[in-house]
1. Of all residues being within 16 Å of the ligand (Cβ to nearest atom) and in a loop (DSSP other than H, G, I, E, B) in segment 273-311, which is farthest from Gly242 (Cα to Cα)? Just the residue, please.
2. Could you list, in sequence order, the residues of segment 211-227 that are assigned to a helix (DSSP H, G or I) and either of a type in the set (A, V, I, L, M) or surrounded by 14 or more Cβ atoms within 10 Å (Cβ to Cβ) (or both)?
3. Among Leu84, Leu88, which is within 16 Å of the ligand (Cβ to nearest atom), free of Cβ contacts under 8 Å to residues at least 40 places away in the same chain and closer than 21 Å to Glu321 by Cα?
4. Determine, yes or no, whether Glu22 is surrounded by fewer than 19 Cβ atoms within 10 Å (Cβ to Cβ) and within 26 Å of Thr267 (Cα to Cα).
5. Hey, could you check segment 93-131 for residues that are small (Gly, Ala, Ser), assigned to a helix (DSSP H, G or I) and in contact with a helix residue (DSSP H, G or I) (Cβ under 8 Å, 6 or more places away or on another chain) and say which is nearest to the ligand (Cβ to nearest atom)?
6. Let me spell it out: the conditions are (1) in a helix (DSSP H, G or I); (2) in contact with a Gly (Cβ under 7 Å, 6 or more places away or on another chain), and Leu88 meets all of them except one. Which number is the exception?
7. Which ones in segment 235-263 are surrounded by fewer than 24 Cβ atoms within 10 Å (Cβ to Cβ) and under 17 Å from Ala108 (Cα atoms)?
8. So Ile237 ticks every box in (1) away from the ligand (no atom under 16 Å from the Cβ); (2) assigned to a strand (DSSP E or B) but one. Which box is left unticked?
Amino acid sequence: MDKPCILATTLGAPGGIYKCFEPCIEKHFTIITFERFVQRKEDFAAKIQALFVWGGAIKVDQNLLQSLPNLKAVVNGGVGVDHLDIPLINSFGIKVSNTPHVVDNATADIGMSLMLASARKIVEGHNFSKFREFDDFPESSLGTDVSGATLGIIGMGRIGYKIAKRAQGFEMKILYHNRNQRPESEEKAVGAMYCASMMELLQRSDFVMVVVNLSPQTHKLIGAKEFAMMKPNSTLINISRGLVVDQDALVDALKKKMIRAAALDVTYPEPLPRDHPLLSFPNVIVLPHLGTHTMETSQIMVERMVTNALAALTGGQLPDEIKA
Ligand SMILES: O=CC(=O)O
């Protein structure tokens, strides 16, 4: 019997799967790439039963949904679903899932990597070794200690909590701001202190790590007012979504030396245009959204997407369903 079809991007991240993960999907489904779909919509549209998306690479809008009469699920790789209009998708009787839990460790690790790389000038050090334009590593390249410093975590969900656990190993003082305070036992387990006021956290932290979901409430959460609160020797680390930070305000804060440095896994757009002002600062690290980008995590993510899609096709409960 023919395998059911799914529609997917296969262009590689950001926004698609790599070829190496296709066999896991092809055990159960025939993959129709988005490029093939666009060329031969009339041949494929009625066959497609699930849509595999990573980030906003495919726009899941009214037009696309109307063109797929047998679509049962939109299966998202990763935890953030800010690029999906869930009420709209649900209104077509189509289910939505993501892959929570499986991304937590990899994303927390990238946050720690960015903090350490920025504090200890890892990128400059590498560039010095490789390109050596001057003889001595300049005084301006002296780093700053992570151990014993104060880390402020904005957004204490699963990933924020994993970061706190790791930071505890670095003997950091840990502050966090979140919609809800965590139970005392959980705070104690990682040595984290709740700041009901985000401004207080910003004033006290040497490193500010942003881990919130993007929502209307968190859109440009960190802007001019927030940078004005931060210590001049502090570092902003963003591993959530680019739009949680006002990038113009960040450029301004860096120019005015209101903060020491920034380390970003996420920006808007992604990737940044090569002439973007953020790329001109020696004290800014920019990654092309690598939070979940490991072989192991990506493999588990794809397996989880397959599990959710199979559940939708057989009319079962999606283990990771998100409802509007
Ligand atoms: O960005 C990564 C994710 O949403 O999991």
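1. It comes out as Thr294.
2. Within segment 211-227, Ala224, Glu226, Phe227 qualify.
3. On the way: Leu88 fails: within 16 Å of the ligand (Cβ to nearest atom).
Just a single option satisfies the conditions, and that option is Leu84.
4. Values: surrounded by fewer than 19 Cβ atoms within 10 Å (Cβ to Cβ): yes; within 26 Å of Thr267 (Cα to Cα): no.
When the stated conditions are applied, Glu22 does not pass them.
5. Step one: list which residues in segment 93-131 are small (Gly, Ala, Ser), which gives 93, 97, 106, 108, 111, 113, 117-119, 125, 129.
Now narrow it down to the ones that are assigned to a helix (DSSP H, G or I): 106, 108, 111, 113, 117-119, 125, 129.
Okay, now just the ones that are also in contact with a helix residue (DSSP H, G or I) (Cβ under 8 Å, 6 or more places away or on another chain), so 106, 108, 111, 117, 125.
Working: Ala106: 9, Ala108: 12, Gly111: 12, Ala117: 19, Gly125: 28 Å.
Checked segment 93-131; the qualifying residue nearest to the ligand (Cβ to nearest atom) is Ala106.
6. Leu88 satisfies every listed condition except (2).
7. Gly242
8. In the conditions (1) away from the ligand (no atom under 16 Å from the Cβ); (2) assigned to a strand (DSSP E or B), Ile237 misses (1) alone.
The values are calculated or read from the model by the stated rules, or taken from the named source; none is laboratory data. Keep in mind that what you see is a predicted model, and the values were worked out from it rather than measured. Backbone-built Cβ (ideal geometry, glycine too); neighbour counts: all protein chains shown.
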